[in-house]
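The values are calculated or read from the model by the stated rules, or taken from the named source; none is laboratory data. Just so it is clear, the model here is predicted, and its values are computed rather than measured. Using ideal geometry, Cβ is built from the backbone for each residue, glycine included, and neighbour counts are taken over all protein chains shown. Keep in mind that these areas ignore ligands, DNA and RNA; they rest on the heavy atoms of the full protein, side chains included. Shrake-Rupley method; radii C 1.70, N 1.55, O 1.52, S 1.80 Å.
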Amino acid sequence: MDPVTSIAWIVAFVIVTVAVTGLSGRVGWSAPVALVAVGAVASFIPGVPRVTLEPDLILYALLPPLLFAAAIRTSLIDIRARNDSIVLTSVALVAFTVVVVGFAAWWIVPGITIAAGLAFGAVVAPTDAVAVTAVTGKVPLPRRVVTILEGESLLNDATALVALDAAIAAIHHVVTPGEVAVDFGLAVIVGGGIGLVVGIVLAQIRSRLRSAVLDTSLSLVTPFLAFLPAQLLHGSGALAVVVAGLYLGYRSPVVLSAEARVAERLNWRTVQFLLENAVFLFIGLNLAGVLENVVRFGPGLWPTIGISFAVLAIVIAARFAWVFFTMFLYRIGPARVRERAWTAASSTVVSAAGIRGVVTLAAAFLLPEGTPQRELLQFLAFVVVLGTLLQALPLPLLIRRVHLPAPNLAQEWTERQLLTAEAKQAGIDRLDAVRGDDDEERVVEQLRRASSFLSESLANPSPPDREQSPVMFSRLRGSMIEAEREAVLLARRDGRYQENAVQAVLAAIDAEETALRARHPKAIGD
């Protein structure tokens, strides 16, 4: 395929990904399922190219930015608060899944070794929190459940990839449990250490940058700066990326400028959106090729169907068994542990939310050429991804059925307002400290009034049946901003000002609108 044709297909690939995801959101469908379906249909259309990716390209180019994009948006504070639950799901559950699914696959799939079965177990072990969010849609989950699912998804990727490396090594030569334990410990120590060093060094460098463009450029290569040296030193590159991302995400309010933080959030949200959703489309586009390989090299149609259902059932059952076993351990533990016990409703939702996604697909292509029944195992990984997606479609109904309490949005809104009021008061105190004799009183008074508005609104709230003053302010100011932008654009059409003046004023208007949306997104129209 010539370069121009390749670029045209890439552009079409991105356009289809964006269009299907956007349309799915509007009509209330699950975007991952819709993308897989569209890709599957397209895979049987003559002329649509077969998309194949080299394992090293997946490992070194796709996984690092995906892991980093998730890590910098994950709260280190929340992970610390739920570290016991997250460890039980991201490490212990992965190990349990690898063993149970691995030995089951060895027993069910004809012609594979125990090492190949364990490698397959590692492939299907990690979950995908982004897919969970896409499936649940607008049904809110309790913050505790969201934290557990996000923390599990982030850290179990690293755990599963370390386990996969050990299993692949066992495919090529005999390894002892002691060697596996040593390799695992080395991978964790080296990967975590390099990730922390990279995070600390880059935080120091980025704190000295004054250009958001330079900072963004450095941010885009950060996952590779963590991943490559960790892999070369036989550590876990995935863990290195996760640790670096968590550290930089936690330190960003201190080391980055406001402009750089906004740019980083937007850039990595875009990267994550494109990679996550493109991979689901890629799953569908590969369906025809995978089916062809299974028909050619597999055990036959009906045995393959039976194996697929059996493996999918074991993957789902293993998660339910571990989560409810964990709930039981919490309930019989010491008083301090019982206070953190999961409810049956939370355990049910966490169990049902075990959707597999991007990392499982990517890891399936990392199985080496010499793996017994490689094509069948890759097909089974596709089945697990699709099956867990479909199994989770009733998740919104399940959340309502088990009466899982929704997050207290009113309390969260009040906390945001109180914290903002504290910050405003700190600003007023600093104003009193730094104002000089030459500062005009009207300027100081205007600043004081603007900062005191929120505190006064909280102290004297509007009646319950009326719109609260801060929301009213954002709504009315949003209408004013819309008119201001229209006036600037009218002046541009009339040619009354130079373009650099127009761009500067529009940038200032955009910055204020962004700040208003951050405080009260529903108060400002699209």
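GLU292 fails exactly one of the following numbered conditions: (1) within 27 Å of ILE58 (Cα to Cα); (2) of a type outside the set (Ser, Thr, Tyr); (3) in contact (Cβ under 8 Å) with a residue 12 or more places away in the chain. What is the number of that condition?
Failing condition for GLU292: (3).
Here is a list of conditions, (1) closer than 22 Å to VAL359 by Cα; (2) within 20 Å of the chain's Cα centre (by Cα); (3) small (Gly, Ala, Ser), and GLY199 meets all of them except one; can you say which number that is?
(1)
Taking the range 197-217 only, how many residues are open to solvent by less than 80 Å² (accessible area, probe 1.4 Å) and within 19 Å of LEU228 (Cα to Cα)?
The qualifying residues number 7.
Within the range 245-266, can one find any residue that is without any contact (Cβ under 8 Å) to a residue 12 or more places away in the chain and open to solvent by less than 50 Å² (accessible area, probe 1.4 Å)?
Taking the range 245-266 and keeping what is without any contact (Cβ under 8 Å) to a residue 12 or more places away in the chain, we get 253, 258, 261, 266.
Still in the list and also open to solvent by less than 50 Å² (accessible area, probe 1.4 Å): none.
No, the range 245-266 contains no residue that is without any contact (Cβ under 8 Å) to a residue 12 or more places away in the chain and open to solvent by less than 50 Å² (accessible area, probe 1.4 Å).
Where the second residue is of a type in the set (Val, Ile, Thr) and surrounded by 15 or more Cβ atoms within 10 Å (Cβ to Cβ) and the first is assigned to a helix (DSSP H, G or I) and lies in the range 18-29, which pairs have Cβ atoms under 9 Å and are six or more apart or on separate chains?
VAL20/VAL38; SER24/VAL33
Would you tally the residues in the range 221-242 being in contact (Cβ under 8 Å) with a residue 60 or more places away in the chain and closer than 16 Å to ILE72 by Cβ?
Qualifying residue count, the range 221-242: 9.
Just checking: which of the helices (runs of 4 or more DSSP H) contained wholly in the range 232-338 hold 3 or more residues that are of a type in the set (Asp, Glu)?
258-285
Under 8 Å between Cβ atoms, at least 6 apart or on separate chains: pull out the pairs that start in the range 495-518 with a residue that is open to solvent by less than 60 Å² (accessible area, probe 1.4 Å) and end on any residue that is in a helix (DSSP H, G or I) and of a type in the set (Gly, Ala, Ser).
VAL502/ALA491; GLU513/GLY478; LEU516/SER474; LEU516/GLY478; LEU516/ALA523
So in the range 290-318, with the set limited to residues that are surrounded by 15 or more Cβ atoms within 10 Å (Cβ to Cβ) and either farther than 16 Å from PHE120 by Cβ or at pLDDT below 80 (or both), which one is nearest to the chain's Cα centre (by Cα)?
Keep residues of the range 290-318 that are surrounded by 15 or more Cβ atoms within 10 Å (Cβ to Cβ), which gives 290-291, 293-294, 298-299, 304, 307-308, 310-312, 314-316, 318.
Subsequent filtering for residues that are either farther than 16 Å from PHE120 by Cβ or at pLDDT below 80 (or both) retains 290-291, 293-294, 298-299.
Values: VAL290: 27, LEU291: 30, ASN293: 32, VAL294: 32, GLY298: 34, PRO299: 37 Å.
So the residue we want is VAL290.
Can you name the residue in the range 328-357 that is β-branched (Val, Ile, Thr) and at pLDDT below 85 and, of all such residues, is surrounded by the most Cβ atoms within 10 Å (Cβ to Cβ)?
THR343
Where residues in the range 70-98 are part of a helix (DSSP H, G or I) and over 15 Å from ASN156 (Cα atoms), which of them is nearest to the chain's Cα centre (by Cα)?
So the residue we want is ILE72.
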